[in-house]
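Colleague: One structure, as structure tokens, below. Some questions next.
The values are calculated or read from the model by the stated rules, or taken from the named source; none is laboratory data. As the structure is a computational prediction, the values presented were derived from the model and not from experiment. Cβ coordinates were reconstructed from backbone atoms using ideal geometry, including for glycine residues, and neighbour counts include every protein chain displayed.
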Amino acid sequence: MFFHIEHTTEYRYSEPATESFSELRLRPRDSLRQKVSRHYTRVEPAVLVESHTDYFGNFVETVSIPFRHPSLLVTSVCDVETKPFNDALAAVQLSVAEARQLYTPHRRELHDFLRPSQFIQFTEGVCELAEEFLQPAAPFSHSLRELNNHLFRTLKYRPGATDAGTTVAQFLKDREGVCQDFAHLMISVCRVAGIPARYVSGYIETDPVLGADGEPLDTALIGATASHAWLEIYSPNGFWVGLDPTNNCLDSERHVQIGIGRDYADVPPMKGIFQGSNAQSLSVQVRVTRNTESVVSRAPEVGPAS
């Protein structure tokens, strides 16, 4: 599938900021499952946008504005192709204990995805879920699907019920939250059971595409307007496999991956600091449009104002 994605973030300050610094993770990753044909970032006020790759292989852009500015507007535009792929869990006929044994030679590179982190907690409730769904003798693939289904059925997706700092324990207590919370909880359960799991940030096509007869060609999916989150587990066959507990599915061509990390703290779309203002307001708009074919075009040229 081909998608055109426009992501606009605007900060407005109560008084002009004297300077600011921002770190952006908005460009989708290139992988065997998706390819970016075009990407550009436009910043107002106009400054140089520098880029690098972080520890987890995510594309990062940095923006430094060393002068007074009343607002900061960042627009990220990209065209990306997502590709069909086989279910990497289908042929894994192992128990959870057998899968853990196969991870042993890779424990060094998988270390970050087996330990607690800022948002991944091994609480009593998390341990109980691991004991129920990921027992050592349980079938590996089937158990992961059952856990994915259980979280979808027993927890409620409700925007606004939580915020970026909500803990796994609080989510389990209140039983409602957003995709970030679903992902953090399932990652916690997998890690406490010895299954490497990592956080994925990205976009999702939520609305079904209609056919010529007006009937939907696929099902509607749940996701935030601004972004989506799910997780990937490391399968013993060497693949990172995406699971989306918010939608009770494996990730698909309708998922566009931006970044991976231990949890949300590693891959926020935009973070930074500013000086010289007491308050700020934030607005975010994202548009994900499916195209019938690849769109190849150049980024607009940015020059001095006339």
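Colleague: Kindly list the number of the only condition in (1) surrounded by fewer than 24 Cβ atoms within 10 Å (Cβ to Cβ); (2) at pLDDT 95 or above that fails for A212.
Modeller: Looking at each condition in turn, A212 falls short on (2).
Colleague: Is one or more of the residues making up region 144-164 closer than 24 Å to K271 by Cα and aliphatic (A, V, I, L, M)?
Modeller: Yes; the residues of region 144-164 include at least one that is closer than 24 Å to K271 by Cα and aliphatic (A, V, I, L, M).
Colleague: Can you tell me which residue among Q93, Q135 is over 26 Å from E19 (Cα atoms) and free of Cβ contacts under 8 Å to residues at least 40 places away in the same chain?
Modeller: On the way: Q93 fails: free of Cβ contacts under 8 Å to residues at least 40 places away in the same chain.
Exactly one residue qualifies, and that residue is Q135.
Colleague: Sticking with this one: Scan region 61-74 for residues that are under 13 Å from S22 (Cβ atoms) and surrounded by fewer than 18 Cβ atoms within 10 Å (Cβ to Cβ) and jot them down.
Modeller: If we filter region 61-74 for residues that are under 13 Å from S22 (Cβ atoms), which is where we start, we get 61-66, 69, 71-74.
T62, S64, P66, S71, L73, listed by residue number.
Colleague: Also, quick follow-up: Can you list the helices (runs of 4 or more DSSP H) found entirely within region 87-176 that contain at least 2 residues being among the hydroxyl-bearing types (S, T, Y) and crowded, with 16+ Cβ neighbours inside 10 Å? Show your work before the answer.
Modeller: On the way: elements: 96-103, 107-110, 124-133, 140-154, 168-174.
The helices (runs of 4 or more DSSP H) meeting that bar are 140-154.
Colleague: Being surrounded by 24 or more Cβ atoms within 10 Å (Cβ to Cβ) and of a type in the set (D, E) is the filter here; which residues of region 223-250 pass it?
Modeller: D244
Colleague: Moving to a separate point now. Please work out if R27 is outside the structural domain of V241 (by TED's automatic domain parsing) and surrounded by fewer than 17 Cβ atoms within 10 Å (Cβ to Cβ). Spell out how you get there, then give the answer.
Modeller: Details: outside the structural domain of V241 (by TED's automatic domain parsing): yes; surrounded by fewer than 17 Cβ atoms within 10 Å (Cβ to Cβ): no.
So R27 does not fit the description; no.
Colleague: Further question: Here are H52, H69, H111: which of them is touching a residue at least 24 places away in the same chain (Cβ under 8 Å) and not polar (S, T, N, Q)?
Modeller: Values: H52 fails: touching a residue at least 24 places away in the same chain (Cβ under 8 Å); H111 fails: touching a residue at least 24 places away in the same chain (Cβ under 8 Å).
Going through H52, H69, H111 in turn, just one is touching a residue at least 24 places away in the same chain (Cβ under 8 Å) and not polar (S, T, N, Q): H69.
Colleague: So, one more: Could you run through region 30-55 and say how many residues are of a type outside the set (V, I, T), part of a strand (DSSP E or B) and loosely packed, with under 12 Cβ neighbours inside 10 Å? Show your work before the answer.
Modeller: Residues of region 30-55 that are of a type outside the set (V, I, T), as a first pass: 30-35, 37-40, 42, 44-46, 48, 50-52, 54-55.
So of that shortlist, the ones also part of a strand (DSSP E or B) come out as 31, 34-35, 37-40, 42, 44, 50-52.
Of the ones still in play, those that are also loosely packed, with under 12 Cβ neighbours inside 10 Å are 50-52.
Qualifying residue count, region 30-55: 3.
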